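The structure appears below as C-alpha cells.
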Amino acid sequence: MSKKQEYYRLTQRMPPSPLLVQAFLLLASRKTALDLGCGAGRDTKWLLAQGLEVTAVDHDAEALAYLRNLQHPRLHVLQAAFEDVMLTSYDLVHAAWSLPFIQSERFADVFPRIQQAVKPGGLLTGQLFGSRDSWNVAGTAITFVTREAVQTWFADWTILTLQEEEYDGTTALGIPKHWHVFHLIVQRSGDHDPFCPSRFS
C-alpha cells in the first residue's frame with residue numbers, strides 16, 4: 001500500500017473536523033456546502049448526514065473514488081485542482097488542511113475566488129500554515145502566511161475564530177513534524193463585495 005493510500009485509509013475513518021463542527025453550529029443557513037480538498041471524504045459525509053447539499057472537490061481521482069461509491073443524491077463530486085476549479089456560491093466553504101497547498105505563486109489569484117464562493121453571511125473555515133512550519137523550506141510550492149496577512153485578507157469579514165498553534169507533532173502517517181497553523185472561521189459580510197486584489201500583492 002502506498003503512503004497516499006494509507007493516508008486515505010486512515011483519514012476516512014476519523015471523526016469530522018472539530019473546526020467544521022464548530023462552524024456548522026454558527027451557520028445561519030444550512031443548505032449548501034463546498035468541501036475543498038475533500039480527500040477520502042470524512043467531512044463531506046458528515047455534512048451530508050447533516051442534510052446539506054455538498055460539492056466535494058479534490059485533484060486526486062483515487063481520493064474521490066471513496067465518495068463516488070456513495071452515489072448520494074445531494075453529493076456533487078468534482079475532480080480539479082484549486083487553481084482550475086469553477087465554483088458557484090455556498091453557505092459554507094470548508095477547506096480542512098488544504099488551503100496551504102494552493103501553489104504559492106498562484107495564491108493571490110486563487111484565494112480571492114474561494115472567498116467569493118462564500119455567500120453573504122456564509123462561513124469559510126479551514127487552516128493555513130504559518131511561516132515557522134517545518135515544511136517551509138526553499139523550493140516548496142506550499143503557501144505560508146502571517147497572522148497579519150490573514151487579518152488583512154479578512155478586514156471586511158467577521159473573524160469568528162483565528163487560533164494560532166505551534167507545536168512538535170506528527171502527520172496523519174506518524175511522521176514527525178513541527179506545525180505552525182492558523183485555524184480559521186470567518187463570516188462574509190452582507191451584500192457588498194469585500195475583495196481588494198491589492199491585499200494579496
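Computed about the Cα centre, the dipole magnitude for the chain is approximately 540 debye when only Lys and Arg (+1) and Asp and Glu (-1) carry charge, each at its Cβ. Close amide-amide hydrogen proximity is noted between V93 and L34, L123, L124, T125, each under 5 Å apart and 5 or more residues distant or on a separate chain (H modeled in the peptide plane; Pro and chain starts excluded). If you plug the beta carbon distance of A138 and R68 into 1/(1 + (r/R0)^6) with R0 = 25 Å, you get a FRET efficiency near 0.10.
Site pair D84 and Q103 shows an inter-label distance of 1.1 nm when each label is modelled 7 Å from Cα along Cα→Cβ. Compared with the direct C-alpha span, the chain from Q163 to E53 gains 36.8 nm at full extension, assuming 0.36 nm per residue. Relative contact order (percent) for the chain, with alpha-carbon contacts under 8 angstrom and 6 or more residues of separation? RCO, the chain: 19 percent.
One entry in (i) 210; (ii) 110; (iii) 120 is volume of the Cα convex hull per residue in Å³ calculated from the shown coordinates; its label is (iii).
Counting only residues at least eight positions apart within a chain, or on another chain, the aspartates and glutamates with an alpha carbon under 14 Å from that of K31 are E53, D91.
For region 30-92, rounded, prolate or oblate, judged on the Cα gyration tensor with a ≥ b ≥ c (square roots of eigenvalues), a/c < 1.5 rounded, else prolate if a/b > b/c? Cα axes put region 30-92 in the oblate bin.
Every number here is computed from the coordinates shown, using simple stated rules; none is lab data. Keep in mind it's a predicted model, so treat the numbers as computed, not measured. Neighbour counts are summed over all protein chains in view; Cβ atoms, including those assigned to glycine, are modelled from backbone coordinates with ideal geometry.
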